[in-house]
Structure formats: C-alpha cells, structure tokens
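Data first, discussion second: the structure below is written as structure tokens.
The values are calculated or read from the model by the stated rules, or taken from the named source; none is laboratory data. In this text, all values refer to a predicted model and were calculated from it rather than measured experimentally. Cβ sites come from the backbone with ideal geometry, for glycine too, and all protein chains shown count toward neighbours.
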Ligand SMILES: Nc1nc2c(ncn2[C@@H]2O[C@H](COP(=O)(O)OP(=O)(O)OP(=O)(O)O)[C@@H](O)[C@H]2O)c(=O)[nH]1
Ligand SMILES: [Zn+2]
C-alpha cells in the first residue's frame with residue numbers, strides 16, 4: 001500500500017494549529033464525498049468514514065480528524081470553491097476544498113474571452129486560490145504570446161502560460177503547481193484541453209482510473225476518485241461541479257479583480273454614484289483622461305449585476321423554502337388535531 005507523509009497530502013501549519021495534541025484522532029484528506037459516507041486518505045492508506053452530520057457539509061480536499069471509522073472534526077479550510085446549487089433549497093454547494101491553485105484553462109483562439117477570464121479570476125480570488133491562466137493550443141496560433149499578454153494585463157495576481165496540451169514536455173510545465181503537497185484544479189469551457197492536461201498530469205486516463213465499488217444492492221458501480229495523485233507528487237481535483245462553475249456570492253473576489261475600478265469609487269462625489277453621468281464621478285473622470293479602459297467599467301458592472309442576481313436568488317430561495325416548511329408543518333399539525341391525536345403547539 002502506498003504510504004504518504006501528511007505534508008505530501010497537503011497538510012500545513014494552518015491545519016496543525018487546529019489540532020489538540022491530546023486528541024488521539026488522526027487526520028485524513030477527503031478523496032471523495034458520497035451520500036452517506038466519505039472516503040479519506042491517511043498516511044497509511046484509504047479509510048471509509050461516517051460523518052456526524054450531513055456529508056453535504058464536506059468537500060473533496062477537506063481535512064478531517066477521525067478515529068478510523070468516523071469523523072470527529074472537520075478542519076477549517078484554507079480555500080473553498082462553492083457554487084449556487086439548483087433547486088428550491090438553493091444554498092451554496094461545495095465543489096472543492098483546499099485547492100491551492102485554480103488553473104483557468106482557455107485556448108489561443110476564439111475561446112479566449114476577457115470577460116470570462118475576469119469571471120473565473122473573481123471566483124479564484126473569492127475562493128482564496130492562486131489563479132493561473134493556462135492558454136492551450138499555442139501550437140495552432142501564429143501569436144500565442146499576444147494572448148498571454150492580454151491575460152496578464154487583467155490582474156497583477158495572475159500568471160499566464162501558453163502551451164500545447166498534447167505535448168508532454170509542455171504539459172509538464174504545470175508540474176510546479178501540482179508538486180508535493182500542492183493541489184491544483186482546472187476550470188474552463190468544454191474542448192479547451194482540460195482532460196488532455198489532466199490525463200497527462202496524473203499519468204492515467206480517466207477511464208482506467210475508475211474504481212470499482214459495491215453499491216447497496218451488491219452490484220459493481222464505477223466511480224472516479226475526485227482527488228487524484230499527480231505524477232509530480234501532488235494532487236488534482238476533478239469533480240463534475242468543477243466543470244460548470246457560475247458566479248455567486250463573489251463580491252469580494254470581483255472587487256479585488258477590478259481594483260482599478262473599485263479603488264476609484266471612494267473618490268466619487270456621491271455615495272450612491274452609478275458611475276454614469278453623475279457630476280464628480282471619479283470613474284468617468286479616469287475614463288475621460290484615458291487611465292481606465294471603459295470596457296473594464298462595463299464588465300465590472302455586468303459581473304456585479306450577475307453576482308447580485310445569483311446571491312439574491314439564493315436568499316430568496318431560502319426564504320421561500322422556510323415559508324413552505326412552515327406551511328407544511330402547520331398543515332400536518334392541523335391534520336393531527338383533526339384526527340384527535342394531539343393539539344398543534
Ligand atoms: N493541437 C492542440 N490540440 C489540443 C490542445 N489541447 C486540447 N487539444 C485537443 O482538443 C480536443 C479537446 O480536448 P479535451 O482535453 O477533451 O478538452 P476538455 O477541456 O477536457 O473538454 P471537456 O471534456 O468537454 O470539458 C481534443 O481533441 C484535444 O486533443 C492543444 O494545446 N493543442
Ligand atoms: Zn462614480
């Protein structure tokens with residue numbers, strides 16, 4: 001059985017500080033989250049664990065303490081990638097935890113879209129992950145560096161690299177972001193080369209990585225582990241949710257990514273300035289003197305509207321759900337009273 005050191009699994013002081021030296025429970029990093037249990041990786045191998053609360057509160061990549069059969073504590077995350085979940089109980093749905101670097105994958109062709117990059121950047125910033133822009137299909141472009149430059153202009157926080165995902169030496173340039181103790185996740189549109197890169201980084205194709213498991217009826221079902229070891233000694237997180245992330249509750253991330261716009265706002269004369277035609281608007285003044293790209297203002301407004309819409313919908317959905325819950329409870333209580341087996345309280 002493969003043995004790991006905690007540090008190789010991504011353990012750090014951040015997690016060590018949360019442990020009581022008296023506690024005999026040991027750490028495990030979650031490889032997978034199922035409906036009724038989680039699968040963790042420890043220094044000596046895999047363990048299947050039950051949780052004291054809903055497994056929906058756990059994410060792939062989480063660190064937990066356990067006694068060999070059950071989780072006693074989930075450790076505070078260093079980073080957290082979440083999205084707005086569909087359905088009436090719309091809450092934040094956890095996608096992954098403790099991802100160090102979020103690789104935003106796009107290609108040196110029509111897929112390259114500044115607004116989309118900014119959206120992913122805001123998401124990475126909100127999650128606390130280091131953003132890395134990976135520009136694939138460099139081999140099919142006459143001027144791949146122009147794409148890297150356009151991406152690098154978006155934020156001083158990001159690194160942009162161009163490569164041919166099908167070339168093994170090129171793909172190896174991602175190794176520093178998924179070396180020992182490092183966790184990487186890839187996001188981006190369909191067809192940009194995420195699978196090609198992942199297969200290379202893990203050295204295994206998704207198909208052969210499937211693991212056979214017995215389901216409740218004793219049949220074999222195949223599931224792919226979501227936290228996969230990389231050839232460089234680190235980890236790659238690939239969950240279905242990772243592939244279609246939408247922006248919600250990312251106001252802080254947007255603010256950081258659009259600091260060139262948001263830093264100007266306190267200088268606007270009016271507190272509620274809409275940065276359109278108000279007198280004394282510092283944002284419009286920066287556009288007028290050429291220090292701010294008007295496209296940045298428009299894209300910032302659009303992302304803020306989108307984030308507000310998504311975040312409000314979550315709050316609204318919660319309110320609706322609470323109301324429904326009350327109605328349902330009230331109905332049951334009345335029915336009980338009618339049957340004469342108790343009075344509503
Ligand atoms: N020439 C060239 N082809 C590439 C490159 N990256 C990906 N491809 C090809 O583009 C196609 C799509 O690549 P995938 O790796 O399946 O893309 P994906 O992002 O995983 O797409 P989804 O699975 O739909 O999310 C495949 O035929 C790849 O071989 C690249 O850098 N250069
Ligand atoms: Zn203004």
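Descriptive notes on the structure:
- Annotation for region 147-162: no member residue is surrounded by fewer than 16 Cβ atoms within 10 Å (Cβ to Cβ) and within 15 Å of ligand 1 (Cβ to nearest atom).
- Residue within region 76-88 that is part of a strand (DSSP E or B) and without any contact (Cβ under 8 Å) to a residue 40 or more places away in the chain present: no
- Some residue of region 294-301 being more than 18 Å from the chain's Cα centre (by Cα), within 11 Å of ligand 2 (Cβ to nearest atom) and not assigned by TED's automatic domain parsing to the domain that holds residue 58: yes
- Residue in region 113-120 that is modelled with pLDDT of 95 or more and either closer than 30 Å to residue 31 by Cα or away from ligand 1 (no atom under 16 Å from the Cβ) (or both) present: no
Conditions tested, residue by residue: (1) touching a residue at least 40 places away in the same chain (Cβ under 8 Å); (2) over 21 Å from residue 299 (Cβ atoms).
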position	(1), (2)
100	yes, yes
106	yes, no
114	yes, no
135	no, no
138	no, yes
143	no, yes
146	no, no
150	no, no
162	yes, yes
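- Scanning region 228-257 for residues that are crowded, with 17+ Cβ neighbours inside 10 Å, at pLDDT 90 or above and assigned to a loop (DSSP other than H, G, I, E, B) returns 230, 232, 234.
- For region 270-292, residues that are outside any helix (DSSP H, G or I) and out of contact with any helix residue (DSSP H, G or I) (no Cβ under 8 Å at 6 or more places or on another chain) total 10.
- Filtered residues of region 1-42 (kept if in contact with a strand residue (DSSP E or B) (Cβ under 8 Å, 6 or more places away or on another chain), modelled with pLDDT of 90 or more, in a loop (DSSP other than H, G, I, E, B) and within 24 Å of residue 236 (Cβ to Cβ)): 10, 11, 37
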